[in-house]
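Inspection log for the structure reproduced underneath, given as C-alpha cells.
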Amino acid sequence: MNNNESFRAGYISVAGAPNVGKSTLINRLIGSKLSIVSPKPQTTRGTVRGILTTASAQMIFFDTAGLHRPKDKLGRYMVDTARETFLEADIIYLLVESRMPGEKERELVRQVEEARTTTFLVINKVDLVKKDSLLPVIEAYRELMEFKEIIPISAQNGDNVDRLLELTTEALPQSPPYYPEDVVSDQIERDFIAEFIREKIFYNTKDEIPYSTAVVLEDMKEHEGGGANIRAGIYVEKDSQKGIIIGKGGSMIKKIGTDARYEIERFLGYAVFLDLRVKVEKKWRENIKSLKKMGYD
C-alpha cells in the first residue's frame, strides 16, 4: 500500500448521454474490460467501479447509466443511481460528443452544475471530426458552465487519454489509496459474468429485446481440476421475447452463449460450461420486487 504523502486518490463519476462512450472510456482507462460495451444506448445499468492505480495516484471510476428521461422504474433507478455518484465524486467527467450542444446536452450541464463538483468537459470521438470544428464546440460549452478542464479525446483510439489522466491526477485530493494496488474493481466475479452475457444479448438482438432483458447468475461451481459450470437465467417480459432470444432451433441462444463464454473464459482464465435458461417475468422493469431480484436495489 502506498503511503507517500504526495500520493493522490479519489472518485471520478463519468456522466453523459446514452451511447456517448462512457464504458469505452472506462475500459480504455483501466486497460481491461470492466464495463459492457455495445452500439446500443443505455447499456450500463448499475455503477461499475473501475480502479486505476499509478505510481502517484489511485482513481476510482463510476461508470453511470446514460442520463435520460426514464420510462419505467428501472429507468428511474438508473438515473437516480447516476446522480448519486455526483455527490460521492471528487471529479465529474461530463462526456459529450464532438458537436454543438443541443437541448439534451444543455440539460446534462444543468444537472452536473447542480452537484457543485470539480468538472472536466471531456469531448469524445474527436477522431471522427475535423480539428477546426472543435473550437466552436468548446466555446459553446464554455458559455454554459465553467469547467476545470476541457479535454478532447478519442476513447476508442486512446487519443489524448494520457493527458486526461495527468490532469485528473493533479486535481485529486492528497490521500492514501483506498484499495490495494492490484485491485481493478470492487465488483465480484458473478457481476462481471452476468454483464458479459447481457452484452452479447445487446449485440445479437434488436429493437426492445435488450432493454427488456435482465441476467441473473443462478449457480457457479468451480472444479478442483480447473474450469467451472455456470448457470444463468435470462429474464424477459413476454413470451414472444423468449422465443426471439431462443431463436429458431435454439440458434440465437446458442450464439449468445458461445459469444459470452469466450468473454467469460478470457476474464476468468479457465474453461467454463455455460448453461443459459430463458424465463418470462412479466413487467419486471415496473415491479419493485422483480427489480430487487434482478439486482437493482
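Read-outs: derived from the displayed coordinates by stated rules, not from any lab. These numbers were taken from a predicted model, which means no experiment stands behind them. So basically every Cβ, Gly included, is an ideal-geometry build from the backbone, and we count neighbours across all protein chains shown.
Couple of notes before you dig in:
- Applying 1/(1 + (r/R0)^6) with r as the Cβ-Cβ distance of LYS255 and ARG116 and R0 = 45 angstrom yields a FRET efficiency of 0.45.
- Furthest towards positive pole of dipole, ALA194, GLY225, THR213, structure part the range 192-297, Cβ charges: THR213
- The range 152-209 shape via C-alpha gyration tensor axes, a/c threshold 1.5: oblate
- Placing pseudo-labels 7 Å out from each Cα toward the beta carbon at GLN174 and LEU135 gives an inter-label distance of 4.0 nm.
- Counted by neighbouring Cβ atoms within 10 Å, the residues THR54, THR85, THR258 run from fewest to most as THR258, THR54, THR85.
- Residue order, fewest to most surrounding Cβ atoms within 10 angstrom, among TYR235, TYR262, TYR93: TYR262, TYR235, TYR93
- Projected label points at MET100 and LYS283, each 7 Å from Cα along the beta carbon direction, are separated by 4.4 nanometres.
- Burial ordering of MET59, MET100, fewest other beta-carbon atoms within 10 Å first: MET100, MET59
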